[in-house]
2 protein chains.
Amino acid sequence: MSLDPAIASRLKRNEAGLFSAVAQERSTGDVLMVAWMDDEALARTLDTRKGTYYSRSRQQYWVKGETSGHTQYVHEVRLDCDGDTVLLVVDQEGAACHTGTHTCFDSDVLLAAD
Amino acid sequence: MSLDPAIASRLKRNEAGLFSAVAQERSTGDVLMVAWMDDEALARTLDTRKGTYYSRSRQQYWVKGETSGHTQYVHEVRLDCDGDTVLLVVDQEGAACHTGTHTCFDSDVLLAAD
C-alpha cells in the first residue's frame, strides 16, 4: 500500500525511516501510547482507520489489537509542524498498554501532580 | 544537575542519548507538542517545573518560553512502560507551537474526524 505522495513529502523520518505516533483517546483525552510508524504503517492506518505501527524489535508491522483485541478505531490523524510526529485520535477498545493498564503512562510517576 | 539515578536506570535512550517528551495541556487535554530530552533536560524539568528540552539542531538545552514567553509550568511527569517516552502535563502560557498555533498539530490534518 503506498502513502499519498503529498503526505509522504511532508514527513521527516529518522535514520531508520521512522517517525513517532502518539495515540490519544477521543473520549477521555488520555495520551494512551507512543509508538513508531513508517510510511507503510501510516498508509495502512489512513486506509483502514485501525492503528497500525512498526515494531523495531520484531521488525514487522502490527495492527494494535490484532492479538489482544484491544483495537484502536482511528477517528482523526494530524501531522505536527516539523513533520516528525503524527497524532492519532482514537477510540480504544480495552487497555492500550501491553501491561494491561489503560495507558502506557499509568504506572510510573516521576513528578506527582501538585 | 544530575538526574535521580533511580529514574535514570528506568530510561531507554536512543543512540544519541535522547528520548521523546510529549507535552499535554492540563486544562484542555490537548497534545501540545513532542520534543526530545536527555537526562539533563529531564532533571532540570523535574527540578524547576519548567518544560526543558534538548534541541538536536542547535545541540543545546532550551527552556520552553525563555525567548517567546510561552512557558510551560509542569504539573506532572510520567514515564511510559518501556521507558522511552515521558509525558508532561503542563499549564501552557500562550501558543505552544513556534508557528504561533496553540498546538503543533493544529495545521496539518491527514485524516479528518469522521
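Relative to the longest principal axis of chain A, what angle (0 to 90°, nearest 10) does the C-alpha long axis of helix A:39-48 take?
70
Counting only protein heavy atoms and a 1.4 Å probe, tell me what percentage of the protein assembly as shown's accessible area is made up of carbon and sulfur.
The computed percentage sits at 47.
Placing unit charges on C-beta atoms (Lys and Arg positive, Asp and Glu negative, everything else neutral), compute the dipole magnitude of chain A about its Cα centre in debye, rounded to 20.
300
Just from its helices, what would the mean residue ellipticity at 222 nm be for chain B, if runs of 4 or more DSSP H residues each count -39500 (n - 2.57) and the sum is divided by every residue, rounded to the nearest 500 deg cm²/dmol?
Details: 2 runs with 14 residues, N = 114.
Rounded to the nearest 500, it is -3000 deg cm²/dmol.
Go through A:H102, A:A16, A:V34 and say which Cα lies farthest out towards the positive end of the charge dipole of chain A; charges sit on Cβ, +1 for Lys and Arg, -1 for Asp and Glu.
Selected residue: A:A16.
Summarise the partner chain shielding of B:87-99 as one whole number: the mean count of Cβ atoms from other chains within 10 Å of each residue's Cβ.
The shielding value for this peptide is 2.
Excluding ligands, DNA and RNA, what is the solvent-accessible area per residue of the protein assembly as shown at a probe of 1.4 Å, expressed in Å²?
Ligands and nucleic acids excluded, the result is 45 Å² per residue.
In whole Hz and in residue order, list the ³J(HN,Hα) couplings for region B:16-32 that follow from phi through the Karplus curve 6.51 cos²θ - 1.76 cosθ + 1.60, θ = phi - 60°; x for Gly and Pro.
Per-residue couplings from phi come out as 8, x, 10, 9, 7, 10, 9, 9, 10, 7, 4, 6, 10, x, 4, 7, 7 Hz.
How would you order B:6-15, A:81-90 from highest to lowest mean count of nearby Cβ atoms within 10 Å? List each step's numbers first, then the result.
Numbers: B:6-15: 12.8, A:81-90: 21.8.
The densest-packed peptide leads the list: A:81-90, B:6-15.
Rounded to the nearest 100 Å², what is the buried accessible area between A and B, both sides summed, probe 1.4 Å?
3500
For the rotation bringing A onto B, which A residue has its Cβ nearest the axis, and at how many Å?
A:G29, 1
The values are calculated or read from the model by the stated rules, or taken from the named source; none is laboratory data. Please read all numbers here as calculations on a predicted model, not as lab measurements. Please note: Cβ atoms are built from the backbone with ideal geometry, for glycine as well, and neighbour counts cover all protein chains shown. We work out accessible area using only protein heavy atoms, side chains counted, and drop any ligands, DNA or RNA first. Shrake-Rupley method; radii C 1.70, N 1.55, O 1.52, S 1.80 Å.
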